[in-house]
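Beneath this line is the structure, given in structure tokens, with notes to follow.
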Amino acid sequence: IPCRAGHVNTETKFVLERFGVKAPRCIKSFEPCLSDVQYRRIPGIDEEMSLHRAWNYMNENDIQTLAVVDEDRHLKGLLTLSDIARFYMEDKDANALAEAGTSYRNLVDVLDGTLIVGDIEKRFEQGSVVVAAANPDVLEDYIGPHDMVILGNRYESQLCAIEMNAGCIIIGLGAKVSRTIRKLASENQVSIIATPLTTYSCAKVVSQAVPVRHVMRRRGLITFEPDDVVEDVKRAVSKKRMRYYPLLDEQGRYIGMFSQRNL
């Protein structure tokens, strides 16, 4: 295919017209573009995915940044390992699960448990996380309405949590849940999750059920398109601290991820 790298000068134009030949196609630049660079076609993740699943996904694919996309692959945010680490180190609020509107599906998955009572499609949207390590008479001062209570196989503590209108109780140690507790929980609209984990493990991992949308970066996202010139991209990212950047097509749909090392 004949091509030209600039404007057709007068002499060339005369010769082309004399012999009835069309002007060659104009190539604006021969510089390498991002489409020439090897990038990773890592699929985007859904914003409702738990931090636990996202962390595993990063480890499995050996990548430190994930694109969060909608059903049409439009970019909604970015999640990095540092975002997850920052959440665990800085978040000391027992209300994080409720603030994030965490789904019971995520909670059951993270706890490797079973929803004994309740609707797995619902969300935990009110209350704090309470570890029931005290006697029932003391727990009455700590458990509030809609709280999520982590406890063991003590019947009295389970009953106390239900009477105090907890939103959800997590019963660990693989303890069996009696019919009475199931019935009372159902009547009082208290969800019950049974898990083989210890009380300590439950308290440690339950925050990993938070959906990635609660932690991901939404503002100041830096994106590029396949036609962007590599040298221009290098200058744009040279002073940035992020290692990975999303690549979008002309319709703004996510394609993949490239790093400064790829450039």
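The values are calculated or read from the model by the stated rules, or taken from the named source; none is laboratory data. Here the structure is a predicted model, which means the values were calculated and not measured. Cβ: placed from backbone, ideal geometry, glycine included. Neighbour counts: every protein chain shown. Only protein heavy atoms, including side chains, enter the accessible area calculation; ligands, DNA and RNA are left aside. Shrake-Rupley method; radii C 1.70, N 1.55, O 1.52, S 1.80 Å.
Label-to-label distance, ARG179 versus HIS146, with points set 7 angstrom from Cα along the beta-carbon direction: 3.4 nm. If R0 is 22 Å, the Cβ-Cβ spacing of ARG253 and ASP62 corresponds to a FRET efficiency of close to 0.35.
Across the chain, the convex hull enclosing all Cα atoms gives 151 Å³ per residue. Full extension of the chain between VAL138 and LYS204 gives 21.5 nm of extra length, using 0.36 nm per residue less the Cα-Cα distance. LEU16 contributes an accessible area of around 30 Å² to the protein surface, as traced by a 1.4 Å probe with all chains present.
Translational D (Stokes-Einstein, µm²/s) of the range 133-263 at 20 °C and 1.002 mPa s when Rh comes from the Kirkwood sum over C-alpha pairs?
Details: Rh = 18.7 Å.
Result for D is 114 µm²/s.
Could you sort ILE1, ILE150 by accessible area so the largest value comes first, with the probe set to 1.4 Å? Working shown, then result.
Working: ILE1 170, ILE150 0 Å².
My answer, sorted largest first, is ILE1, ILE150.
Rolling a 1.4 Å probe over the heavy atoms of the protein chains gives the chain an accessible area of 59 Å² per residue.
Rg/Rh for the range 1-114 to two decimals, with Rh computed the Kirkwood way over all alpha-carbon pairs. Display every interim value, and only then the final one.
Values: Rg = 26.4 Å, Rh = 19.2 Å.
My calculation of the ratio gives 1.37.
For the chain, what does the relative contact order come out to in percent, with C-alpha contacts under 8 Å and a separation of six or more? List each step's numbers first, then the result.
On the way: 461 pairs, mean separation 61.7, N = 263.
That works out to 23 percent.
Estimated from the Cβ-Cβ distance and a Förster radius of 41 angstrom, the FRET efficiency linking GLU125 and ARG40 is about 0.70. Spread over its residues, the convex hull of the C-alpha atoms of the range 76-205 is 106 Å³ per residue. Suppose R0 equals 25 Å; then what is the FRET efficiency for TYR88 and GLU187 from their Cβ-Cβ distance, rounded to the nearest 0.05? Rounded to the nearest 0.05, the efficiency is 0.10.
Quick one: compute a quarter of the convex hull surface over the Cα atoms of the range 63-129 and quote it in nm².
Details: hull surface 24.2 nm².
Its Cα hull, projected and averaged over all orientations, spans 6.1 nm².
Can you give the calculated 222 nm mean residue ellipticity of the chain, where each DSSP H run of n ≥ 4 adds -39,500 (n - 2.57) and the sum is split over every residue, rounded to the nearest 500 deg cm²/dmol? Can you show the working numbers first?
On the way: 10 runs with 78 residues, N = 263.
For the chain, the value works out to -8000 deg cm²/dmol.
Where does each of 236-248, 26-38, 197-209 land if you order them by average Cβ count within 10 Å, highest first?
Working: 236-248: 15.3, 26-38: 11.9, 197-209: 18.2.
Taking the mean over residues of other Cβ atoms within 10 Å, the ranking is 197-209, 236-248, 26-38.
Amide H contacts of GLY77 (H built 1.01 Å from N, in plane; Pro and chain starts excluded): VAL68 sit under 5 Å, all sequence-distant by 5 or more or on other chains.
With only alpha-carbon atoms in the gyration tensor, what are the semi-axes of the equivalent ellipsoid for the range 105-156, in Å, largest first? Taking √(5λ) for each eigenvalue gives 22, 14, 9 Å, largest first. What a 1.4 Å probe finds exposed on the range 177-263 is 44% carbon and sulfur by accessible area, rounded to a whole percent.
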